[in-house]
Amino acid sequence: MITIEQVEKAQQYLIDSAAEIGRAVENAIRSERMLKHIKALEMKKRNEQALGAQEREAYASEVYKGALLEEAVSAGELAKVRALRDAAESVIRIWQSENANMRAARV
């Protein structure tokens, strides 16, 4: 049985984590877009090569590798924040369901 204290804690978490999820989304989008930017910059460095070779070298660069790792970290953080928010929302939904069932049983 979910207590009212657990519901209040879940509600407060949802309120408090709003800015955190905003930052996580911002970081994930920025990281994703930086991959494209870095790829373009790395390809531009090899302008004399064929397009396929430019792309291969861009993907193989350490700068691109670092951007990939940053994107993975950002995506992981976003997934974590979303999962925690989903858990808090689940606590509230379970409590609502339990209370509705108790009210229905009294009728």
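Every number in this text was worked out from the coordinates using simple rules, so none of it is lab data. Keep in mind that this is a model prediction, so the values were computed, not measured. Cβ coordinates were reconstructed from backbone atoms using ideal geometry, including for glycine residues, and neighbour counts include every protein chain displayed.
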**Prompt:** How big is segment 50-98 in terms of Cα radius of gyration and Dmax, in angstroms?
**Reply:** 19.9, 64
**Prompt:** Normalized C-alpha radius of gyration of the chain, against 2.2 N^0.38 Å?
**Reply:** 1.76
**Asked** Relative contact order of segment 4-106: what whole-number percent is it, with Cα pairs under 8 angstrom and at least 6 residues apart?
**Response** 43
**Fill in**
Under the helix-only model (-39500 (n - 2.57) for each DSSP H run of 4 or more, divided by the residues of the chain), the mean residue ellipticity at 222 nm, to 500 deg cm²/dmol, is -31500 deg cm²/dmol
**Asked** From the residues Ala40, Gly22, Asn99, which one has its Cα farthest along the dipole of the chain in the positive direction, the dipole being from +1 and -1 charges on Cβ of Lys/Arg and Asp/Glu about the Cα centre?
**Response** Ala40
**Electrostatic dipole magnitude of the chain [Cβ: Lys, Arg +1; Asp, Glu -1; Cα centre; debye, to 20]** = 220
**Item:** FRET efficiency, Arg103 to Thr3 (Cβ-Cβ, R0 22 Å, nearest 0.05)
**Value:** 0.80
